[in-house]
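One structure is given below, encoded as structure tokens.
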Amino acid sequence: MKPVIALAVLMTVLQDGVPAGPTPEAVQKARETLRETIKEETAKSGPAARQSLSHRLIAAAKSEPDPAIRAAHLVEAIDRAAEAADLHAATAALAELRKIPGLWGAARARVLDVREKKEKPGALAEAWFELAIESFDVEEYDVAVQACERAEAAGAKRGDATFLDPARDLREAARRAQRESEAVRAHV
């Protein structure tokens, strides 16, 4: 039943003239090409070099017309900003990335990683749980499982059991849904 609903939603979006986002394959191919292009810059170590590269990638993405290439620049910018512990750049890249239709749960998780390092332990339990719910709703089950685990850990760090049972239940539901989804794909 879910694949039929997803297809109906997709058809509605396409009929309404809202452009579909780039495919994950197109973004991955663009990332591989970009990584080859910036290989020398990526080899430079140190937070300042990675922060500078992140800012240049964000600037380049803003003028890039191809959504897959723009997304590749922004995902790479998030990765470089995370390596430099630059929350501002990671957040700015994510804000630009969210303007492109697509599933960006993994990129959001990377930004939450950076935020968590800057905040007191357990401060982001709610944010991780929210990401888990949103990822589950759009069938990004692997991201949902990881976000549930992070919500549980963050809640435990601050001594708050509020997220333990709901996160555990959602994690198990995501794992079941992921297995079912894989089984359906295997039969198609």
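The values are calculated or read from the model by the stated rules, or taken from the named source; none is laboratory data. All figures in this text were calculated on a predicted structure; none of them were measured in a lab. Here the Cβ is made from the backbone with ideal geometry for all residues, glycine too, and neighbour counts use every protein chain on show.
Looking at ALA106, ALA123 in this structure, which one is within 12 Å of the chain's Cα centre (by Cα) and farther than 13 Å from GLN51 by Cα? Step through it out loud before you land on a result.
Values: ALA123 fails: within 12 Å of the chain's Cα centre (by Cα).
Going through ALA106, ALA123 in turn, the sole match is ALA106.
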>> Quick check on the range 128-144: of everything there that is hydrophobic (A, V, I, L, M, F, W, C) and over 13 Å from the mean Cα position of the chain (by Cα), which residue is farthest from ARG98 (Cα to Cα)?
In response: PHE129
>> Kindly evaluate ALA26 against the criterion of being closer than 23 Å to VAL138 by Cα, surrounded by fewer than 21 Cβ atoms within 10 Å (Cβ to Cβ) and either among the aromatic types (Phe, Trp, Tyr) or at pLDDT 90 or above (or both).
In response: yes
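Quick one: would you say GLU76 is in the same structural domain as ASP160 (by TED's automatic domain parsing), assigned to a helix (DSSP H, G or I) and not hydrophobic (A, V, I, L, M, F, W, C)?
Numbers: in the same structural domain as ASP160 (by TED's automatic domain parsing): no; assigned to a helix (DSSP H, G or I): yes; not hydrophobic (A, V, I, L, M, F, W, C): yes.
Against the criterion (in the same structural domain as ASP160 (by TED's automatic domain parsing), assigned to a helix (DSSP H, G or I) and not hydrophobic (A, V, I, L, M, F, W, C)), GLU76 does not qualify.
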>> The conditions are (1) in contact with a Pro (Cβ under 7 Å, 6 or more places away or on another chain); (2) modelled with pLDDT of 90 or more; (3) not acidic (Asp, Glu), and ALA20 fails exactly one of them. Which is it?
In response: (2)
>> Report every pair of residues separated by at least 6 positions or lying on different chains whose Cβ atoms are under 7 Å apart, first residue within the range 114-139 and assigned by TED's automatic domain parsing to the domain that holds ASP79 and hydrophobic (A, V, I, L, M, F, W, C), second buried (at least 22 other Cβ atoms within 10 Å of the Cβ) and part of a loop (DSSP other than H, G, I, E, B).
In response: none
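Are any of the residues in the range 146-163 within 13 Å of the chain's Cα centre (by Cα) and either crowded, with 16+ Cβ neighbours inside 10 Å or touching a residue at least 24 places away in the same chain (Cβ under 8 Å) (or both)?
To start, the set of residues in the range 146-163 that are within 13 Å of the chain's Cα centre (by Cα) comprises 146-147.
Subsequent filtering for residues that are either crowded, with 16+ Cβ neighbours inside 10 Å or touching a residue at least 24 places away in the same chain (Cβ under 8 Å) (or both) retains 146-147.
The answer is yes, given that some residue of the range 146-163 is within 13 Å of the chain's Cα centre (by Cα) and either crowded, with 16+ Cβ neighbours inside 10 Å or touching a residue at least 24 places away in the same chain (Cβ under 8 Å) (or both).
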> Hey, does the range 112-120 have a residue that's more than 30 Å from LYS62 (Cβ to Cβ) and not polar (S, T, N, Q)?
Replying inline: yes
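Does the range 29-43 hold any residues that are surrounded by 14 or more Cβ atoms within 10 Å (Cβ to Cβ), of a type outside the set (A, V, I, L, M, F, W, C) and in contact (Cβ under 8 Å) with a residue 24 or more places away in the chain, and which are they? Let's see the steps before the verdict.
Just the residues of the range 29-43 that are surrounded by 14 or more Cβ atoms within 10 Å (Cβ to Cβ), to begin with: 29-31, 34, 38, 41-42.
Right, trim to of a type outside the set (A, V, I, L, M, F, W, C) and you get 29, 31, 41-42.
Across the range 29-43, the qualifying residues are LYS29, ARG31, THR42.
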>> Could you list, ordered by first residue, the pairs with Cβ atoms under 8 Å in which the first is in the range 52-65 and assigned to a helix (DSSP H, G or I) and the second is surrounded by fewer than 15 Cβ atoms within 10 Å (Cβ to Cβ), at least 6 apart or interchain?
In response: LEU53/GLU41; LEU53/LYS44
